[in-house]
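In what follows, a single structure is set out as structure tokens and then discussed.
The values are calculated or read from the model by the stated rules, or taken from the named source; none is laboratory data. Because the structure is predicted, anything quoted here is derived from the model rather than measured. Glycine also receives a Cβ, built like all others from the backbone with ideal geometry; neighbour counts cover every protein chain displayed.
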Amino acid sequence: MATRVAVIEYGVGNVGSVVNACARIGADVAIARDGDELRAQAPEAIILPGVGAFGAALELIRSRGFEAAVGEQVHDAGVPFLGICVGMQALADSCEEFGEHHGLGWIPGTVCRLVPPGSPVRLPHVGWNTVDASADDPVLGGLAGAHFYFVHSYAMRCDQQYVVGTTEYGGTFPSAVRIGHAWGIQFHAEKSSLAGERLLGQFLAFADACSSGG
């Protein structure tokens, strides 16, 4: 049977692109528009996409009851999780974009401007770039040096123990993080052609193994 994936829709994110990308690789995809709907779907994997400003995204996530519902599914029920772009940044303690904002606090760290003001490096970081991925990670493994599509001006800063992928742009920044069975990727896998589909496929394979007791 196809892996049941819930894609979180909170008003900001490339939900259609993520749904289509997961469907192409054979997932059984449903959109969750609030926390109760997510619980009712009993997913085997959860994807949190996101674009735009961190503060606005977290406000919408909380207003629709997702903070508690996702926490229950991931931390209590053990459902694998993948956050994309702002969905990755949301895992941090805080963000400095347009003031101080509180994140979900799953990974100790903060989201900062990618390069300091006055830097000759242009923001946002837009386009294709490579990821130096951890070879033994079940989701990132085998993708070292692969090209992925980025659109962002801020990036997470956290302890190295959580980092499973890095990218160079005005310096080295974490482009993929992991805590337990929750991952965050700064790039858009759903817009990253074959490499993105491979990453999503490996995430779903991990979720399938978890749901099967593997």
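Below is a table of values for the structure above.
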{"quantity": "Unmet requirement for Phe98, which otherwise passes all of (1) at pLDDT below 95; (2) buried (at least 24 other Cβ atoms within 10 Å of the Cβ); (3) assigned to a loop (DSSP other than H, G, I, E, B); (4) not basic (Lys, Arg)", "calculated": "(2)"}
{"quantity": "Residue tally, condition in contact (Cβ under 8 Å) with a residue 24 or more places away in the chain and either farther than 17 Å from Arg178 by Cα or part of a loop (DSSP other than H, G, I, E, B) (or both), over the stretch 72-95", "calculated": "8"}
{"quantity": "Residue ID - surrounded by the most Cβ atoms within 10 Å (Cβ to Cβ), chosen from residues in the stretch 8-20 that are out of contact with any Pro (no Cβ under 7 Å at 6 or more places or on another chain) and free of Cβ contacts under 8 Å to residues at least 60 places away in the same chain", "calculated": "Tyr10"}
{"quantity": "Candidate set: the stretch 28-71, residues that are assigned to a loop (DSSP other than H, G, I, E, B) and free of Cβ contacts under 8 Å to residues at least 40 places away in the same chain; chosen: the one farthest from Thr110 (Cα to Cα)", "calculated": "Ala42"}
{"quantity": "Per-region count, the stretch 161-200, residues part of a strand (DSSP E or B) and in contact (Cβ under 8 Å) with a residue 12 or more places away in the chain", "calculated": "18"}
{"quantity": "Output for the stretch 101-123, where each listed residue is exposed (fewer than 15 other Cβ atoms within 10 Å of the Cβ) and either at positive phi or outside any strand (DSSP E or B) (or both)", "calculated": "Gly105, Pro116, Pro117, Gly118, Ser119, Pro120, Val121, Arg122"}
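Let's see how each residue does on (1) among the acidic types (Asp, Glu); (2) touching a Leu at 6+ places or on another chain (Cβ under 9 Å); (3) buried (at least 17 other Cβ atoms within 10 Å of the Cβ):
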site: Cys22; (1), (2), (3): no, yes, yes
site: Asp34; (1), (2), (3): yes, no, no
site: Glu37; (1), (2), (3): yes, no, yes
site: Ile47; (1), (2), (3): no, yes, yes
